[in-house]
1. Quick check on my filter: what residues within segment 387-413 are over 21 Å from residue 320 (Cβ atoms) and among the hydrophobic types (A, V, I, L, M, F, W, C)?
2. Check 50, 56 and return the single one that is in the same structural domain as residue 9 (by TED's automatic domain parsing), surrounded by 22 or more Cβ atoms within 10 Å (Cβ to Cβ), under 22 Å from residue 8 (Cα atoms) and not aliphatic (A, V, I, L, M).
3. Please go through segment 29-55 and give me each residue that is in a loop (DSSP other than H, G, I, E, B), within 20 Å of the chain's Cα centre (by Cα) and within 20 Å of residue 76 (Cα to Cα), ordered by number.
4. May I ask you to verify whether residue 342 is assigned by TED's automatic domain parsing to the domain that holds residue 309, farther than 19 Å from residue 297 by Cα, in contact (Cβ under 8 Å) with a residue 24 or more places away in the chain and not in a loop (DSSP other than H, G, I, E, B)?
5. Report yes if residue 311 is outside the structural domain of residue 235 (by TED's automatic domain parsing), surrounded by fewer than 20 Cβ atoms within 10 Å (Cβ to Cβ) and assigned to a helix (DSSP H, G or I), otherwise no.
6. Is it the case that residue 156 is buried (at least 24 other Cβ atoms within 10 Å of the Cβ) and over 15 Å from residue 175 (Cα atoms)?
7. Is it the case that some residue within segment 109-116 is under 24 Å from residue 196 (Cα atoms) and part of a loop (DSSP other than H, G, I, E, B)?
8. Identify all residues within segment 270-308 that are more than 27 Å from residue 240 (Cα to Cα), in contact with a strand residue (DSSP E or B) (Cβ under 8 Å, 6 or more places away or on another chain) and in a helix (DSSP H, G or I); write none if there are none.
Amino acid sequence: MAADFLENIIEKRQEAIKKTGIEMGASVPKERKRPITPFLPGKGTILEIKKASPSKGDIAPELNVADMVRTYAQAGAAAISVLTENNYFKGNLEDLLEACSAADSFSKETGQTAPSILRKDFLFSPEEIDVSYRAGADAVLLIARILDDDLAVRMIKRCRELGIAALLELRQDDDLRKLKVISESAGMENIVCGVNTRDLKDFSIDLLAPAGLLEKIKAIAGKDVKVLFESGIRSPKAAAFVGEMGFTGILLGEAVVRNPEQAPEFIKAFSEGTPRANSEKWLSLAKRIHSGKLPLVKVCGLTSLHDAALAAELGADFLGFIFSAVSPRNVNPKIINTVNTVLNELYHANRPKLVGIITECSSLEAQTAMKLAAQGQLDFIQLHGSQATDWFFQLWSLPRLPVVNVDAPEDVAAVEALLDQGEPRVLIDAKKAGLIGGTGKTISTELCMMVKKKTKLWLAGGISPDNITGIMEQLQPELIDVNSGVEKAPGVKDPEKLKAFFDQIKRWREK
């Protein structure tokens, strides 16, 4: 497949429609035979019927649609998404017809309202809306990226005429412009907005993409607009994190298709998710990432107000303070309050985020850092090592950033495991015996690229004014974490090195 997955999918689909027509050879009735079930009237989970995907290949090619609908309905799904694209997802309209029939049977047999049915495909004509309606769909997916303004408006209006909902998928800045056009010319009456963690151009996943757009969507469409988090969730813990961020719904695909018996656990985790300090901090940070110039910069190993203030003045997004007795950069905790006071006066809400770095949760230093975070003096706790991460996850709900020290391919699996658990970002740092951070050692380009295939790259280890431009050109990290490369002694920053470092960052951002 070509590099642009979406373009290739559309091309193949258009070719197929020319051969089989917009009914795709299915036995679609001339008139709709079932009542319309409201799509996502409140907070709820959408589970997917998907046999394959371009990125994963076969997922469940022998999937029994009727059985899956019943399983999902019994689990408490608010809606069921049915993939009908054939070339890469191995779906078809017969699957949609069967899903609708199974939903009606469930309702008749149990007396319960069955989940609504969403047709998920790459639709690009009002006529396909009519086909979806006659086949029984209660909602259809409309991907803003593949529709021009006029066509998007006409398709949404056609949905409204028929009484079904439109799930309008947004991902890019131009999609937000289209949303504004749609809102002003057609209104939002039957629209649920969705943001896909997966970029359909290259199928890469960014768990912060929906969070970065959430506030912008509400600013355009109104604070009561329903927003759906789509794809990329692989565990109930990750589903809970989405629920905590305030999304109306979540769409779960592969994870539940492969393990339908876990559907109730996913649904419960999302539905019970309520705002917490960790989710609120990441929402704020997602907005910053989506709106700002990259890379973000974290200056770590700070031990004085002077160095912290200079880093903030030069443009640091994060200031890192190490709470570890074995580190030569161990900070006096009294400095944190002073730094906060000064930065709040100078920068107010735009001040850098303060990060407390810990290695052993049971240590006095780590306990101090966590208390400061609970008081709002630290914005994040940075967790080095699996011991700290596991212990912290069990007992604390403070805003957190996990770190994996990487020097071999098997370490990348630890990064992926954290992403699977819903950690939106994982910082990778170099590994050196006896040292946690400040190693002066870089991670190989090969390993960085392996991580970059899994998530946006947050990179530490051996970064300095001498190599930062090359790192940005080669790896294009979303965040750079610098420590020993801008020091004149452990815990003491070199003003000239710091200035030289930020000069190069500024030139890169202005390209």
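1. Listed by number, the residues that qualify are 395, 408, 412, 413.
2. On the way: 56 fails: surrounded by 22 or more Cβ atoms within 10 Å (Cβ to Cβ).
Sole residue among the options that is in the same structural domain as residue 9 (by TED's automatic domain parsing), surrounded by 22 or more Cβ atoms within 10 Å (Cβ to Cβ), under 22 Å from residue 8 (Cα atoms) and not aliphatic (A, V, I, L, M): 50.
3. Let us first name the residues in segment 29-55 that are in a loop (DSSP other than H, G, I, E, B), namely 29-43, 50-51, 54-55.
If we keep only those that are within 20 Å of the chain's Cα centre (by Cα) as well, we get 43, 54-55.
Once the filter is applied, which keeps residues that are in a loop (DSSP other than H, G, I, E, B), within 20 Å of the chain's Cα centre (by Cα) and within 20 Å of residue 76 (Cα to Cα), segment 29-55 yields only 43.
4. Working: assigned by TED's automatic domain parsing to the domain that holds residue 309: yes; farther than 19 Å from residue 297 by Cα: yes; in contact (Cβ under 8 Å) with a residue 24 or more places away in the chain: yes; not in a loop (DSSP other than H, G, I, E, B): yes.
Against the criterion (assigned by TED's automatic domain parsing to the domain that holds residue 309, farther than 19 Å from residue 297 by Cα, in contact (Cβ under 8 Å) with a residue 24 or more places away in the chain and not in a loop (DSSP other than H, G, I, E, B)), residue 342 qualifies.
5. Details: outside the structural domain of residue 235 (by TED's automatic domain parsing): yes; surrounded by fewer than 20 Cβ atoms within 10 Å (Cβ to Cβ): no; assigned to a helix (DSSP H, G or I): yes.
Judged against the criteria, residue 311 is not a match.
6. On the way: buried (at least 24 other Cβ atoms within 10 Å of the Cβ): yes; over 15 Å from residue 175 (Cα atoms): no.
So residue 156 does not fit the description; no.
7. To start, the set of residues in segment 109-116 that are under 24 Å from residue 196 (Cα atoms) comprises 115-116.
Still in the running and part of a loop (DSSP other than H, G, I, E, B): 115.
Yes, segment 109-116 has at least one match.
8. Result: 307, 308.
The values are calculated or read from the model by the stated rules, or taken from the named source; none is laboratory data. Owing to the predicted nature of the structure, the values given are computational and were not obtained by experimental measurement. Positions of Cβ are generated from backbone atoms using ideal geometry, with glycine treated the same way; all protein chains shown enter the neighbour counts.
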